[in-house]
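Taking it in order: structure first as structure tokens, then the write-up.
Laboratory data are not the source of any read-out in this text; all were calculated from the coordinates shown. Computed from a prediction, not measured in an experiment: that's the story for all the values here. Positions of Cβ are backbone-derived with ideal geometry, glycine not excepted, and every protein chain shown enters the neighbour counts.
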Amino acid sequence: MGRTLPTATIILQQEEASFARFRRALRRSDQLALDDLFTSARQHLAAAQYASHALPFEVFLLSMLLEEHKQVMRLREQMEQLLAKRQG
Amino acid sequence: MITSIEPKFGSWNADILKAAFRTDGRAEAPLSVKPPGWILLVGPRQVNAAMLTAIARLGEGHAIRVLDGGNRFNAYVVARLVRGRPEVLERITVSRAFTCYQVLALLESTPAAALACVVLDLLNTFYDESVQAGERKRLLRACLAQLERIGQSSRSVVSVHPPKVPSQAAVEMLAMLQAEAQDTIFIQTEPAAPEPLRLF
């Protein structure tokens, strides 16, 4: 018996491959940013697998957004600490 | 991409299915296959993509039962085709079998309800040579009886792909299916066009 559905890892690899031409047409700096986005989606593969969503790419997009938001929250916190230090 | 469907016997069914199995085909077409009986589609494995498209389009309007004999049903592809709409996905019921014995059990347990019924890659497990040819044919005969029962009330389509390694038993089993089918449609796909040269 084989798998009835591809795993989240395989789907992400397929999605990444389907954007290969898009990536190729980007500037080098943008290519690195795109690679970072896919890396952040890869960090949540276990959750994506568990979610068993009908449209896995939506989960990957949300994973990317999650990492981006975490980064924003970290930066906001650092900014507040810097401002507090400057005022105090 | 399917480019032509050449029916062995010209009939109204062939024209209907021709429209249905175009990737941009309308949803209604295969449901016009009227019981009793079932339609046999014979074609290469690439046809499966068009089958999944047809299943997705059918699911938009009607309840549909998919019996998967060769692990051909990719739910992610169908979900993407219907844009993840749960009301459409809920109308599609999938059952899978991984051995020829399971295919028979699956068909036996399928009620003869007035739903559209699609059997994907029926012969896949029957190509397994670890089961004796006589036994496989006996099971296929029993499957044909079940298909006839299901076809009494359901609008049914059965797809078959040729085996990777041609064998006499496979040819005989295909002939058995053709003999029982209401109509047989051979689907040809055009060879893939060469990749265009890249400028950079």
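Measuring r between the beta carbons of B:Arg83 and A:Thr9 and using R0 = 22 Å, the FRET efficiency lands at 0.40.
Using a Debye calculation, one point per C-alpha and no hydration shell, please list log10 I(q)/I(0) for chain A at q = 0.14, 0.21 Å⁻¹ in order. Summing over Cα pairs of chain A leads to -0.62, -1.00. Gyration tensor over the Cα atoms of the range B:44-104: the corresponding equivalent ellipsoid has semi-axes (square roots of 5 times the eigenvalues, largest first) of 21, 14, 9 Å. Annotation for B:Arg138 and A:Ser52: the two label points, set 7 Å from Cα along the Cα-Cβ direction, are 3.7 nm apart.
Among the trypsin sites (Lys or Arg not before Pro) within the range B:142-191, those in coil by DSSP and having at most 12 neighbouring Cβ atoms inside 10 Å are B:Lys164.
For the range B:41-200, what class follows from the C-alpha gyration tensor (a ≥ b ≥ c being the square roots of its eigenvalues): rounded when a/c is under 1.5, otherwise prolate if a/b is larger than b/c, else oblate? Cα axes put the range B:41-200 in the oblate bin. Of the trypsin sites (Lys or Arg not before Pro) in chain A, the ones in a loop by DSSP (not H, G, I, E or B) with at most 14 other beta carbons within 10 Å are A:Arg3, A:Arg27. Rounded to the nearest 20, the Cβ-based charge dipole of chain A about its Cα centre (Lys and Arg +1, Asp and Glu -1) stands at 260 debye. Amide H to amide H distances under 5 Å link B:Leu41 with B:Val158, B:Ser159, B:Val160, B:Ile185, where only residues 5 or more positions off or on other chains count and H is placed in the peptide plane. Pop the C-beta distance of B:Arg45 and A:Ser29 into the FRET formula with R0 = 45 Å and round what comes out to the nearest 0.05. After rounding, the FRET efficiency stands at 0.60. Placing unit charges on each Cβ (+1 for Lys and Arg, -1 for Asp and Glu) gives chain A a dipole about its Cα centre, and among A:Leu26, A:Ile11, A:Met73 the Cα reaching farthest toward its positive end belongs to A:Leu26. Axis of helix A:56-87 versus longest Cα principal axis of chain A: the two differ by about 10°, to the nearest ten degrees.
Under the shape rule built on the C-alpha gyration tensor, where the axes satisfy a ≥ b ≥ c, the protein assembly as shown is prolate, since a/c reaches at least 1.5 and a/b is greater than b/c.
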